[in-house]
Each structure stands twice: as structure tokens, then as C-alpha cells.
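Quick note: the coordinates plus some simple rules give every number you see, no bench work behind them. Since the model is a prediction, treat every value here as computed from it, not as a measurement. Note that each Cβ is placed from the backbone with ideal geometry, even for glycine, and that neighbours are counted across all protein chains shown.
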Amino acid sequence: MVFQAYTSFDWLSVGKNVEFGMRINGIPARERKERAAHFINLVGLGKFIDTYPSRL
């Protein structure tokens, strides 16, 4: 089990949290955004991509 509080940054949106690892690994912004959207949609959170974790 992974607790959400330990795996996300409260000051970043859902999309930016998913993009974070890709950003520090040098993935270009456009590709990060596309990949993040894909995986967020896979778990049914597509409409929350710009929402902060505390609002989920």
C-alpha cells in the first residue's frame, strides 16, 4: 500500500505530480503532458488533471 500523502506534492496539480519524475529525467514538456494525460485517464481521473491532491 502506498499512502497518497507521501507520494504527491500538495502544491502541484494531479497532472504536474504525474509529470514530476519525467521532468527531472529531462523528458520534453509536450511529451510529459501527453504521457501524464494518458495515465491519468487510465485511472479515471481525467477531469481532475488540473486539481490539487487535497481536492480529490
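What to note about this one:
- Nearest-ten-degree value, helix 29-42 long axis tilted from longest Cα axis of the chain: 40
- Neighbour-count order for 49, 24, 40, fewest beta carbons within 10 angstrom listed first: 24, 49, 40
- Net lengthening on full extension, residue 31/residue 7 (0.36 nm per residue, minus Cα-Cα): 6.4 nm
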